[in-house]
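Structure, as structure tokens:
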Amino acid sequence: AILMDSDRKRKAGSDRLPQMNVGKTKRRLRHEIEAIGGFAWITAGKEIENYTPATVWQKLTVERLRITDEFEDIPKLTAIKSVASTKVDLAHKATDVIERDDIKNSLDLEDRLSELITHIKKWNSLE
């Protein structure tokens with residue numbers, strides 16, 4: 001299994017959603033992994049952090065956050081940078097305050113996790 005950030009982002013000053021196209025290398029990796037029965041997940045938002053809703057990020061900072069959509073660069077927000085210096089540290093801090101209901105309707109998270117679980121069961125002859 002492989003999980004890759006889509007790295008999609010809005011163009012400065014644009015209200016249009018980024019194109020669904022992902023880079024050539026990510027497409028190649030997805031194809032190669034799936035061709036051997038693997039599971040390839042490219043995030044629906046810019047990065048994995050975008051699956052965590054703004055309400056969770058707000059719990060970590062006293063500053064008011066302005067997260068507009070799933071293409072926001074969460075780790076680069078000034079308020080977030082003051083909480084954690086690395087993405088790993090940020091993930092640890094988020095896990096301290098996040099609850100199951102926080103991510104219940106987060107992008108395509110539940111569907112993708114269900115697909116991953118199905119693959120893991122298949123790989124381990126549990127289905």
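The values are calculated or read from the model by the stated rules, or taken from the named source; none is laboratory data. Just so it is clear, the model here is predicted, and its values are computed rather than measured. Positions of Cβ are backbone-derived with ideal geometry, glycine not excepted, and every protein chain shown enters the neighbour counts. For accessibility, only protein heavy atoms count, side chains too; no ligands or nucleic acids. Shrake-Rupley method; radii C 1.70, N 1.55, O 1.52, S 1.80 Å.
Quick check on ALA79: is it open to solvent by less than 40 Å² (accessible area, probe 1.4 Å) and either in contact with an Asp or Glu (Cβ under 9 Å, 6 or more places away or on another chain) or more than 24 Å from GLU115 (Cα to Cα) (or both)?
Working: open to solvent by less than 40 Å² (accessible area, probe 1.4 Å): yes; either in contact with an Asp or Glu (Cβ under 9 Å, 6 or more places away or on another chain) or more than 24 Å from GLU115 (Cα to Cα) (or both): yes.
Spelling it out, ALA79 is indeed open to solvent by less than 40 Å² (accessible area, probe 1.4 Å) and either in contact with an Asp or Glu (Cβ under 9 Å, 6 or more places away or on another chain) or more than 24 Å from GLU115 (Cα to Cα) (or both).
Per this entry, ARG66 is not counted among residues that are under 21 Å from ILE2 (Cα atoms) and either among the basic types (Lys, Arg) or open to solvent by 30 Å² or more (accessible area, probe 1.4 Å) (or both).
Hey, does segment 14-30 have a residue that's among the acidic types (Asp, Glu) and open to solvent by less than 100 Å² (accessible area, probe 1.4 Å)? Lay out the reasoning, then the answer.
We begin by selecting, within segment 14-30, every residue among the acidic types (Asp, Glu); these are 15.
Next, only the ones that are open to solvent by less than 100 Å² (accessible area, probe 1.4 Å) stay: none.
Looking for residues that are among the acidic types (Asp, Glu) and open to solvent by less than 100 Å² (accessible area, probe 1.4 Å), one finds none in segment 14-30, hence no.
For segment 31-45, filtered to residues that are under 26 Å from ALA91 (Cβ atoms) and out of contact with any Asp or Glu (no Cβ under 6 Å at 6 or more places or on another chain), the residue that is surrounded by the fewest Cβ atoms within 10 Å (Cβ to Cβ) is GLY38.
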